[in-house]
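Derivation of every value follows stated rules applied to the coordinates shown; laboratory data play no part. Quantities reported herein were computed from a predicted structural model and do not represent experimental measurements. A quick note on method: Cβ atoms are made from the backbone with ideal geometry, for glycine too, and the neighbour counts reach across all protein chains shown.
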Amino acid sequence: MELNKVQIFPADVCVDILIEKLKSSREVISAPSLGWLIRQCQQQIVINTLRRSLVNDANNSRHSFEYSDKDETIVAHLVGAIDAFFKISADWPLSSYGLKLISIRNSGTQPTNITLDLLCKTKELANGLELETRRHLVRFVDAVEEILVREMQSELHSSRVSA
């Protein structure tokens with residue numbers, strides 16, 4: 001038996017990765033492998049539902065959030081027209097792994113004085129935070145914002161001293 005197409009209704013779970021895993025296993029598609037696929041889809045539905053719920057709950061805080069299951073990312077829209085992009089680890093929030101800050105960008109039309117050095121330092125400090133902080137979306141975003149503000153103030157102070 002050959003697996004040609006899998007589709008889930010509603011289409012709220014990206015199954016492409018699961019299909020690739022199944023195809024790459026080079027096993028003949030059998031009842032056990034179809035059972036595996038169904039269990040994996042069920043698990044993805046649960047995880048995506050939890051993620052959406054966490055993102056929706058977080059939207060009640062000071063920031064707004066977007067979740068993309070296809071990219072496995074969360075975008076946090078911070079004060080000052082700054083967007084922070086987070087990579088979601090496998091099975092988050094059920095797993096013991098935390099989120100990872102992958103990028104910070106200006107989302108507005110006004111230029112910002114954020115240097116590449118500042119962004120890299122913020123990323124390094126944020127991803128070095130305790131796992132418990134990085135597992136909690138709102139706490140992690142608040143910590144990233146706090147690091148960004150602190151580093152911007154430090155950079156501003158350094159430039160004033162050297163001037």
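Structural remarks
- Hypothetical label at HIS136: residues of the stretch 59-94 whose amide nitrogen lies under 15 Å (7 Å Cα-Cβ projection): 61-62
- Karplus-derived 3J(HN,Hα), 6.51/-1.76/1.60, for each residue of the stretch 90-102, Hz, glycine and proline x: 4, 6, 5, x, 6, 7, 8, 8, x, 6, 10, 6, 10
- Rounded to the nearest whole Hz, the Karplus-based 3J(HN,Hα) values (6.51 cos²θ - 1.76 cosθ + 1.60, θ = phi - 60°) of the stretch 127-140 follow the sequence 6, x, 5, 4, 4, 4, 5, 6, 7, 9, 3, 5, 4, 5, with x at glycine and proline.
- Compactness relative to 2.2 N^0.38 Å, alpha carbon Rg of the stretch 73-135: 1.20
- Fully extending the segment from GLN153 to ILE19 would add 43.4 nm, taking 0.36 nm per residue of separation and subtracting the current Cα-Cα distance.
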